[in-house]
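Here, each number is a calculation from the coordinates, and none is a lab measurement. Note that the structure is predicted; figures quoted are calculated from it, not measured. Using ideal geometry, Cβ is built from the backbone for each residue, glycine included, and neighbour counts are taken over all protein chains shown.
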Amino acid sequence: MVHQVASWCLDYPDTGLIERLPTMTSALAEQHDSAPARMMLPLLEHLASRPLDELQRSFVDTFDLSRKHALYLSYWTDGDTRRRGEVLGRFKSAYRASGFLVDTHGELPDYLPMVLEFAACADPVAGAALLQEYRASLELLRIALDEARSPYAAVVTAVCATLPGESPADRAAVMVMVGMSGPPTETVGLDPYDPRLLPLQPVAAAGGQ
């Protein structure tokens, strides 16, 4: 439930999202014992209280015009390096191994809303393993959104709360946890991440509607 709702919330807002908000809110409200579910309710209230064009502008400003809030999990750990191509291939392999047809709609396979929907609809075990493997990416995104006082911080915090262990307190703690100092900057083998890239429609996992 949390992963599916988070997937919709972190994708580019459209009329479909607005139409689903009442159902999403009711579904989360029913999860009285779920802290991650409760964490996301303020974001749903925010999305329901704003005009769609305002939400779209805010989304673009937050996620598409700044690398500080990249929604591509391997960007945080591998940057634009040779290794990232191998990593993206592993995401694709995980999708194929699930037996589900995952339509990427032209997105890179490590696009967070896609990974979340895969975890929600196709293969919860493999999906959760991908999220845990890239826990550092999620935590860095969470911290960056929180520092920007973005309402989207709540949904990434909720996703982190579904994974084992507590979240690191700050960016330095994340770096210590994984022994990294930030996204690599080598640009051999892949085109640089384009911050102007607009997310497309949510991924549809066959058999997982």
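For Ala97 and Ala126, the difference between the fully extended length at 0.36 nm per residue and the C-alpha to C-alpha distance is 9.5 nm. Between Arg149 and Arg83, the distance separating the two model label sites (each 7 Å from Cα on the Cα→Cβ line) works out to 3.6 nm.
Note that region 4-15 has calculated 3J(HN,Hα) couplings of 5, 5, 4, 4, 5, 5, 8, 9, 4, x, 9, 5 Hz, one per residue in order, obtained from phi through the Karplus relation 6.51 cos²θ - 1.76 cosθ + 1.60 (θ = phi - 60°); glycine and proline are x. Is region 2-178 rounded, prolate or oblate when judged by the Cα gyration tensor, a ≥ b ≥ c being the square roots of its eigenvalues, rounded requiring a/c under 1.5 and prolate requiring a/b larger than b/c? Rounded.
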